[in-house]
Amino acid sequence: MYRIAVAPGDGIGKEVIAEGVKVLQAAADAENVTLQLDYMDLGSDRYLSTGELLTDDDIKFMRDRQAVYFGAIGDPRVAPGVLEKGILIKMRTTFDQYVNLRPSKSWHPYTPLKGEKDFDILFLRENTEDLYMGAGGVLNGKEAVANMALQRGLYDVDLSLSSKASSEQEFAFEIGMMSRKGIERFADHCFETAKRLGKEKVTAVDKANVCTSLYGLWRKVFNERSADHGIDVEYMYVDAMAMALVRSPERFGVVACPNMFGDILTDLGAEIMGGLGVAASGNINPVGVSMFEPVHGSAPDIAGQGKANPIAAILAGKLMMDQLGRPDIGNMIEFAVKMAMKQKLVTADMGGTLNTVQAGDAIANIVRSSG
Ligand code: NAD
Ligand code: IPM
Ligand code: MN
């Protein structure tokens, strides 16, 4: 038996998680496995009525279970960042889910890329550091920047800022920071994953030609760990990587990204496989509670209309079963998704005619008839 916390969240999160649960249930039944699904009320409605984001009770609830199955958060009634940082980022950091796993593979004929080349990329996104650490604020004047740096003992800080505009009185900043320990554990996971998948190299993405301090440390650690693991590392600047992902995605296998670039490149990774509607993600703590969700958000533009593609959420369920040690159930789910795609039993974003519930039913039926 597996005990799972289910948090549908906002917007289309509610619609797609309902279908994901349907498919998970069907696959678990086929293998005589019991899933105990315990629902949580997280998101904008609760925040707007009680002011609560991710509470201590929520955290305890999740800690008592083996995994979290999450929909999406985000609501136009709430200022940007409140729900995103207060719920999603807090979940990832509280449970120290330092690897964000985001597969991108060619789903023919749904990939918009020309030709028939197959690609199968595993994006691994560092999930706790970089520009996501909350090291931000607003300062008045360059003096204040210097004082802040000195007060904190950051004597290595280079204050000869390169932009002419930095003489302005009001500075806003958001610092990208990574720790050696944070990069080491992430790099180890990337190289171990490459080894497990039989890959010869890891592609590490950065912007080491401009952000020399931050991604200088990143490269130093990746070089060290590459030697330790006996797996090559190839570096790509993030701009060139965006181009290469469209032009020749078949070149890549395991792709390691810092948090922010990983966020951006995995929406691109979603689009080249067939759209955000099929992109799944796992927020992994290899020794703790992991959380599984679609890459997409709450999509307020289509919420409540039955238009959302449930496949991303369904495949997030697949990643969850894999992580829980049941790849047999995970494979059954992925096979059913493949069959539904082949038979064009898909929603309008993929050129089909089904609504969210019909698309979920179609996949659950294939699971039942194949299991
Ligand atoms: P989004 O991912 O919600 O939507 C982007 C576009 O893709 C929209 O046009 C949407 O209709 C479409 N789309 C997304 N998922 C789809 C699906 N399953 N089927 C069909 N079409 C789909 O991104 P956004 O509009 O930039 O953000 C909306 C809100 O969601 C914001 O508040 C944002 O902060 C939040 N967000 C949350 C998460 C998360 O919870 N993990 C992820 C991304 C964005
Ligand atoms: C994602 C989302 C989140 C992120 C936001 C909503 C905090 O875009 O899961 O990709 O930036 O990680
Ligand atoms: Mn994103």
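The values are calculated or read from the model by the stated rules, or taken from the named source; none is laboratory data. Only a predicted model underlies this, so the values are computations on that prediction, with no experimental measurement involved. Because the Cβ atoms are built from the backbone with ideal geometry, glycine has one as well, and the counts that use them run over all protein chains shown.
Tabulated data
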| quantity | calculated |
| --- | --- |
| All positions within region 319-350 that are buried (at least 22 other Cβ atoms within 10 Å of the Cβ), in contact with a strand residue (DSSP E or B) (Cβ under 7 Å, 6 or more places away or on another chain) and not in a loop (DSSP other than H, G, I, E, B) | Leu319, Met320, Thr347 |
| Residue identified as within 29 Å of Leu315 (Cα to Cα), part of a helix (DSSP H, G or I) and touching a Lys or Arg at 6+ places or on another chain (Cβ under 9 Å) among Ala242, Ala256, Ala194, Ala204 | Ala194 |
| Contacts under 6 angstrom Cβ, first residue in region 52-72 being under 12 Å from Leu88 (Cα atoms) and within 16 Å of ligand 3 (Cβ to nearest atom), partner assigned to a strand (DSSP E or B) and not charged (D, E, K, R), 6 or more apart | Phe70/Ala7; Phe70/Met291; Gly71/Pro8; Gly71/Gly9; Ala72/Gly9 |
| Pair list, Cβ < 6 Å and 6+ apart or interchain, from region 9-33 residues that are over 27 Å from Leu54 (Cβ atoms) to residues that are among the aliphatic types (A, V, I, L, M) and in a helix (DSSP H, G or I) | Ala26/Ala364; Ala26/Val367; Ala27/Ile329; Ala27/Met332; Ala27/Ile333; Ala27/Val367; Glu31/Ile329 |
| Residue satisfying condition, being within 16 Å of ligand 2 (Cβ to nearest atom) and surrounded by fewer than 24 Cβ atoms within 10 Å (Cβ to Cβ), within set Ala312, Ala299 | Ala299 |
| The listed residue being more than 15 Å from ligand 2 (Cβ to nearest atom) and acidic (Asp, Glu), out of Asp239, Asp263, Asp267 | Asp239 |
| Candidate set: region 79-115, residues that are within 15 Å of ligand 3 (Cβ to nearest atom) and of a type in the set (A, V, I, L, M, F, W, C); chosen: the one nearest to the chain's Cα centre (by Cα) | Leu101 |
| Selection within region 283-299 - within 15 Å of ligand 3 (Cβ to nearest atom) and either free of Cβ contacts under 8 Å to residues at least 40 places away in the same chain or over 15 Å from the mean Cα position of the chain (by Cα) (or both) | Ala299 |
| Residue satisfying all of: in region 122-140; under 14 Å from the mean Cα position of the chain (by Cα) and among the aliphatic types (A, V, I, L, M); surrounded by the fewest Cβ atoms within 10 Å (Cβ to Cβ) among these | Leu122 |
| Positions within region 287-314 being more than 6 Å from ligand 1 (Cβ to nearest atom) and within 24 Å of Phe252 (Cα to Cα), in sequence order | Phe292, Pro294, Val295, Ile311 |
| Candidates Ala308, Ala280, Ala312, filtered to the one that is within 14 Å of ligand 3 (Cβ to nearest atom), over 17 Å from Ile4 (Cβ atoms) and touching an Asp or Glu at 6+ places or on another chain (Cβ under 9 Å) | Ala312 |
| Evaluation of Asn283 against (1) part of a loop (DSSP other than H, G, I, E, B); (2) within 15 Å of ligand 2 (Cβ to nearest atom) (one fails), failing number | (1) |
| Which listed residue, of Leu265, Leu354, is within 15 Å of ligand 1 (Cβ to nearest atom) and either aromatic (Phe, Trp, Tyr) or over 18 Å from the mean Cα position of the chain (by Cα) (or both) | Leu354 |
| Enumerated strands (runs of 3 or more DSSP E) restricted to region 1-116, each holding at least 3 residues that are of a type in the set (Ser, Thr, Tyr) | none |
| Any hit, region 46-53, residues being exposed (fewer than 14 other Cβ atoms within 10 Å of the Cβ) and either of a type in the set (Gly, Ala, Ser) or closer than 20 Å to Asp263 by Cβ (or both) | yes |
| Phe95, sole failed condition from (1) touching a residue at least 40 places away in the same chain (Cβ under 8 Å); (2) within 25 Å of Ala135 (Cβ to Cβ); (3) loosely packed, with under 13 Cβ neighbours inside 10 Å | (3) |
| Residue match in region 38-54 (condition: within 10 Å of ligand 1 (Cβ to nearest atom) and modelled with pLDDT of 95 or more) | yes |
